[in-house]
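Novice: Just passing along the structure, written as structure tokens.
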Amino acid sequence: MASQCPDTRQSADRLRPVNRIVVNILLDGVLAALSAPLARWLADPHGGLLHPLWFLAGGAITLVISGLPFRVPLQYWRFSGVGDLLGIAGASIASAVLFALGLHLTGFPIPSPTFPVIHALVLLVLMGGVRIVYRLAHRRPSRYEASSQVILIGADVSADLFIRAMERDPAPRFRVTGILTQGRQQAGRRIHGIPILGHVQAIDEILERVIADGGAPERLVVTDTDFRGQNLAEVMRVAERHAIMVQRTPVLTDLTPADRLELRPLAIEDLLNRPQVELDHMGMAALLGGRTVMVTGAGGSIGSELARQIAQYAPARLMLLDHGEFALWQVDLDLSERAPKIRREVILADVRDRDRIEQVCALYRPELIFHAAALKHVPMVEANPCEGVLTNVVGTRIVADAAARNGTRAMVMISTDKAVNPSSLMGASKRAAEMYCQALDVEARTGGRADAMRCVTVRFGNVLGSTGSVVPLFRRQLEHGGPLTVTHPDMQRYFMTVPEAVGLVLQASVRGTIRPREGSGTDTLLREGGIFVLDMGKPVKIVDLARQMIRLAGLRPDEDVPIRFTGLRPGEKLFEELFHGREAPVPTDHPGLKMATPRMVDRRDVGAVIDRLEAACHGGDTARILALIEGLVPEFAHNPSGDARDNLAGRTDAERTMTT
């Protein structure tokens, strides 16, 4: 008996839609049967109500026939809307015409010339009215009595979606008492009976008025997915002053009738005031589609996102190279689910292993290489200088040289803002890697060989949520109740989301490998070794970021969760920069990209220093490594003790403006 239960349930599930349709037909048939004699009586009150009785059957039959083209039997009464009412109107008119035509063909006199019109209106009122009553009955407003009061923030369309979704919730926990929109002329109007209180920019004044009237909301709910940045930060500030929680709705269009409406906390990424930048997807498809592409450091935050976005453009083969087994397995598993049709090669290798990298490039001959492999944690590289230089400098040269020897069309090197006026060995090592790639690219562009490998360098700042960044640290500290640790109250950094940064890296790759217009500024700078720099917006104070994350968790900074200052770590700076004082930023033809005016050295000279660096690393000679790096990167001002100092001190006003 137990084994038959699943089959029984499946049969019941298959029959349920059929049963619903049959019930709809029966109910609409009853309403149509009643509408025919009622319409006859309204058209001719002296002619009687139930004479002849076959009016009942005729009204039902004509409505069932007329409703089929308008799919009236398939309607879901609980979710009836304007479209359903239009279908009912069409079916009512068709039924009235068909019924009148039947009377004429059978020789029965039409009660009055207006009878078809009255019949159609009676059908519309009865069928539409029953559906409206049924839907209103399922709203059950009495259930809102114990619900928490909320005010919606967003566009009128998103507010409408939220209210409709809330009506479908079998156990709603919220009662909407007002709406703040982004429209200027909407105050005083109502959506589903809920008043629009005004524009969101007047939120402080509106909340004070609402609280004074005794209707203080427990939370503000952001319903518009595009409402973010500075406007959202201002809402957060006002809400904190009034001790009101701010949350966001899920993507309402993704909800099904069975889903429970659950609010979500705001993400720190929502507070970045960064407009969406249009990307050249056609250019990316032309660059990546049908090619063999390799990503080094594929298990890291940037490398794995590069692999995910590259997979969208249908490469012929995607090579994932990393020295970490678990990280490599994770990204491969993710891609197997996201892009199962893309051919992948999972390669365990260390970029410092010259023979292994040469073997991989000779075997697979990648046409494009995105070099994201690096040691990026500043204090870690300070504590392990040989490892940092071997990976970031020597490893970059090994990959670039092996790629150039094996027919790679272009290599894209991921750099960092820490390479500008570096105070850490990590930043200085990335600047040395930049210099080698710049020199290699200049040789390719000026050497006259059409098949020479292009070497594009892309520099950007911190990415939110990346491995080792401050955001996951703050989240972990919040989970443990705090405190949140910040190195210095004046510490600030540039921030960008990982997907946004990678999208712009791909954009820079298109600009750097597909030759720009002859004579353009971009073309000239590329010939001279220019570096692409992502437009990172304005820098953010780390302490402000910590306070925002505490607020996003529904807590109060310094009261519920303390913030503790720990002092700068070895190699850290208070301020990061995107351009050196001699690297005047130059705009490109893409709004998300700039170029740094080149500072060039000869590739043979850089290569000779790297040879000596490699020997010093293998010999464990840290003093020699530092001396060589300082000679190669003259602006390197090492800060091994983590002294707090203004990194812009001592420079001219022009240099300060240029770097910030």
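Every read-out reported here was derived from the displayed coordinates using simple, explicitly stated rules and does not represent laboratory data. Predicted model, so just to flag it, every value in this text is computed and none were measured. Using ideal geometry, Cβ is built from the backbone for each residue, glycine included, and neighbour counts are taken over all protein chains shown.
Novice: Using the number of other C-beta atoms within 10 angstrom as an exposure proxy, rank VAL601, VAL295 with the fewest first. Could you put the intermediate results ahead of the total?
Specialist: Details: VAL601 16, VAL295 30.
Least to most surrounded, the residues fall as VAL601, VAL295.
Novice: Say R0 is 60 Å: what FRET efficiency, to the nearest 0.05, do PHE326 and LEU68 get from their beta-carbon distance? Could the numbers behind the result be given before it?
Specialist: Details: r = 59 Å, r/R0 = 0.99.
Taking R0 as 60 Å, the efficiency between PHE326 and LEU68 is 0.50.
Novice: Between MET413 and residues 5 or more places away or on another chain, which pairs have amide H atoms under 5 Å apart, with H built 1.01 Å from N, and which residues are they?
Specialist: Sorted by chain and number, the residues that satisfy this are HIS371, VAL456, THR457, VAL458.
Novice: Kindly flag which residue pairs out of LYS418/LYS541; LYS376/LYS430; LYS376/LYS594; LYS430/LYS573; LYS430/LYS538 have an alpha-carbon separation exceeding 21 Å in this structure. Display every interim value, and only then the final one.
Specialist: Details: LYS418/LYS541 16 Å; LYS376/LYS430 9 Å; LYS376/LYS594 23 Å; LYS430/LYS573 16 Å; LYS430/LYS538 23 Å.
As for pairs spanning more than 21 Å Cα to Cα, those are LYS376/LYS594; LYS430/LYS538.
Novice: Quick check on the exposure proxy: order ARG356, ARG604 from fewest to most C-beta atoms within 10 angstrom. Please list the in-between numbers first.
Specialist: On the way: ARG356 18, ARG604 9.
Neighbour counts put them in this order, fewest first: ARG604, ARG356.
Novice: Using unit Cβ charges (K, R positive; D, E negative) and no other charged atoms, how large, in debye to the nearest 20, is the dipole of segment 367-490 about its Cα centre?
Specialist: In debye, rounded to 20, segment 367-490 gives about 180.
Novice: Then there's this: Using the Cα centre as the reference, give the magnitude of the dipole from point charges on the C-beta atoms of segment 281-659 (Lys, Arg: +1; Asp, Glu: -1; all else neutral), rounded to the nearest 20 debye. Kindly include the intermediate steps, with their values, before the conclusion.
Specialist: Values: 47 positive and 47 negative charges, 145 e Å.
Charge dipole of segment 281-659: 700 debye, to the nearest 20.
Novice: For LEU464, enumerate residues with amide H under 5 Å from its amide H, sequence gap 5+ or separate chain, H modeled in the peptide plane.
Specialist: For LEU464, the qualifying residues are MET496, THR497, VAL498.
Novice: Additional query: Calculate the tail of P(r) for segment 281-659: the fraction of all Cα-Cα distances greater than 29 Å, expressed in %.
Specialist: Details: 29440 of 71631 pairs.
Roughly 41 percent, once rounded to a whole number.
Novice: Also, I was wondering about something else. Which of LYS538, LYS430, LYS418, LYS341 comes first, and how do the rest follow, when ranked by fewest Cβ neighbours within 10 Å? Intermediate values should be presented prior to the final figure.
Specialist: Details: LYS538 11, LYS430 31, LYS418 26, LYS341 6.
The most exposed by this proxy come first: LYS341, LYS538, LYS418, LYS430.
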